[in-house]
Amino acid sequence: MLREFGRIVRVGTISQYNTPGTASAIFNYADIVEKSLRMEGFLVGNYRDMQEALYEFAVPHLQSRRLPLDETVLDGFEHIVDAFLGMLRGENTGKIIVRDRTEASSVG
């Protein structure tokens, strides 16, 4: 449910870059007018000046697990192409990581 004067931030569209005719949103566009919403895209590069502040905040939270991290992990570098293509298709959750099997066997 969107609130009056709310903001919609659009991120994570890499899986749609090369897909013609892909639906651009799953919400009612009439809400934008009726609720005086603002819709904008988000690019990390526009906020590089805030990178140090982000690290100061996020790193301790990630290390303590107070800030959850979604990731898809594949074991073995032979899956690197599949991982990349899967990312472009939107098949991963969060960050996608391809881990060397030697690391995987020592973690497990």
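Under 13 Å from a label point 7 Å along Cα→Cβ of L2: give me every residue in the range 26-49 with its amide N that close. Hits in the range 26-49 for L2 at 13 Å: 26-41.
Using the Karplus relation 6.51 cos²θ - 1.76 cosθ + 1.60 with θ = phi - 60°, the per-residue 3J(HN,Hα) values for the range 45-62 come to x, 6, 10, 4, 5, 9, 4, 5, 5, 4, 4, 4, 7, 6, 4, x, 5, 5 Hz, with x marking Gly and Pro.
Remark on M39: its backbone amide H falls under 5 Å from those of I8, a criterion applied only to residues 5 or more positions apart or on other chains, H modelled at 1.01 Å from N. With 0.36 nm allotted per residue and the present C-alpha distance subtracted, the L43-S64 stretch has 4.9 nm of extension available.
Other residues whose C-beta falls under 13 angstrom from the C-beta of S36 contribute a net charge of +1, scoring Lys and Arg +1 and Asp and Glu -1.
Between the amide H of D75 and those of R99, distances stay under 5 Å, these residues lying 5 or more places away or on another chain, with hydrogens modeled in the peptide plane. Approximating the spin labels as points 7 Å out from Cα along Cα→Cβ, the A53-to-E34 distance works out to 3.6 nm.
Coordinate-derived values only; no laboratory data. Fair warning: this is a prediction, and the values are worked out from it, not measured in the lab. For neighbour counting, all protein chains shown are included, and Cβ atoms are generated from backbone atoms with ideal geometry for every residue, glycine included.
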